[in-house]
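Note sheet for the following structure.
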Amino acid sequence: MIAVIVPFYQRQPGLLHRALSSIAQQRWTGELQVLVTDDGSPVPAETELDGLPSWLTAQVRILRQSNAGPAAARNLALDALPPRADMVAFLDSDDAWDGTHLANIDAARKAGAAFYFADHWRQEDPLTRFAECGFQPDGRAIATGRPDIAWCNPHSLMHAIVRRSPVGTSTVAICRDQIGLRRLRTDLRTAGEDSLFWLSVLETGPRVACSTHCEAVYGRGISVFNHRSWGDERSLRTALDEMQAQRAFRRMFSSDPVAAALIEDRCRDLDLTFWQALFACVRRLKFGAVWLATTYVGKRPLALLRMPRATIRAVRQQFQRNPA
């Protein structure tokens, strides 16, 4: 059985219905259960089931919690997996799968893969994620006649995740035994919790397969990546969570100088991003964001070294917008 985990918090009706419809359109016909965690969503999950095939709604189980973020929502579903589930697939509520996705997961599972992911595309981006990251699998095809699904070295994939992750949550499937008691970090509500989870699984050395076919389209619902903007405190929180994730990466790769250098480069970029976002908040008189700066610097004092450069960049951008 494949169990599909869908965390749900949306203000726009129809998004979850679209995601679940993409499950109904799968060419794979094996045993399935869908676990939807209603994370205190303004749009109730039950209303999104109307019009779906009865065979699918019979396999949908709705779990509920007060709003605690996507990591906690996924964890609740992981704790509620049915006994027969041996593979866990993840799908965000504003995304949709290609019709081949579950069949490809099943093919990879039968070939011996314990971790699977695929290329994907965000609606506002010109390129697929693999193309953006310059990622290609480094192994042979999993089977004759399946050149689109290939093996990946788990250690190389870990480096790719640290550099610029090609792994999209809505394309991932992991063997239940590989997950075990692992759960996502719930303190990282806006960024980084999924990558940390993938890395914790990958460091055990599972067989990894990936598809170069675009198997998911990412939507525009409530998502931290779709809603970051200058002058918004959400951008500061996202940078803070990403920085804390990078700190966790550093501990995970403490004996790997190549990964450590990549992580430090990313932290420097985050420092600049954070200061520029903070200056944009201050210009808009959103002084409540200052406490986030205190938290950020408290966790990463080196960020102060990037403040002068970020100040110059922010002033230059402001001048370019208002030259006179």
What are the principal axis extents of the Cα atoms in segment 233-321, in Å, biggest first?
-> 43, 25, 18
Once the dipole of the chain is set up with Lys and Arg at +1 and Asp and Glu at -1 on Cβ about the Cα centre, which of His159, Tyr218, Val43 lies farthest towards its positive end?
-> His159
Charge dipole (debye, nearest 20) of segment 17-148; +1 at Cβ of Lys and Arg, -1 at Cβ of Asp and Glu = 520
Cα-centred dipole magnitude for the chain, charges only on beta-carbon of K, R (+1) and D, E (-1), debye, nearest 20 | 1140
Assuming R0 = 22 Å, what is the FRET efficiency of Arg268 and Asn153, from their Cβ-Cβ distance, to the nearest 0.05?
-> 0.20
For a label point 7 angstrom out from the Cα of Arg84 toward its Cβ, which stretches of segment 36-57 have the backbone nitrogen within less than 18 Å?
-> 36, 54-57
Determine Rg/Rh for the chain; Rg is computed over alpha-carbon atoms and Rh is the Kirkwood hydrodynamic estimate from the same atoms.
-> 0.98
Plugging the Cβ-Cβ distance of Arg182 and Arg283 into 1/(1 + (r/R0)^6) at R0 = 51 Å yields, to the nearest 0.05, a FRET efficiency of 0.75
Where does the charge balance sit around Ala108 when Lys and Arg score +1, Asp and Glu -1, over other residues with C-beta under 10 Å from its C-beta?
-> +3
Within the chain, helix-based [θ] at 222 nm, where runs of 4 or more DSSP H residues each add -39,500 (n - 2.57), nearest 500 = -13000 deg cm²/dmol
Starting from the exponent 0.38 and prefactor 2.2 Å, build the expected Rg for segment 8-54 from its residue count and divide its actual Cα Rg by it.
-> 1.18
For Thr212 and Val297, extending 7 Å from Cα along the Cα-Cβ vector and measuring point to point gives, in nm, a value of 4.9
Scattering profile of segment 3-115 at q = 0.10, 0.17 Å⁻¹ [log10 I(q)/I(0), Debye over alpha-carbon scatterers] | -0.27, -0.79
Please give the contour-minus-distance gain from Thr47 to Thr29: 0.36 nm per residue of separation, less the Cα-Cα distance, rounded to one decimal in nm.
-> 4.0 nm
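For every other residue with a beta carbon closer than 12 angstrom to the beta carbon of Leu52, add +1 if it is Lys or Arg and -1 if Asp or Glu, then tell me the sum.
Result for the local shell: -2.
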Hey, what's the per residue convex hull volume over the C-alpha atoms of segment 123-183, in cubic angstrom?
-> 132
Using Cα pairs closer than 8 Å and at least 6 residues apart in sequence, work out the relative contact order for the chain, in percent.
-> 18
With Cβ to Cβ distances under 15 Å as the rule, what net charge do the other residues near Ala160 carry (K, R +1; D, E -1)?
-> -3
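Throughout, read-outs are computed from the coordinates displayed, never taken from laboratory work. Just so it is clear, the model here is predicted, and its values are computed rather than measured. All Cβ positions, glycine included, derive from the backbone under ideal geometry; neighbour counts span all protein chains shown.
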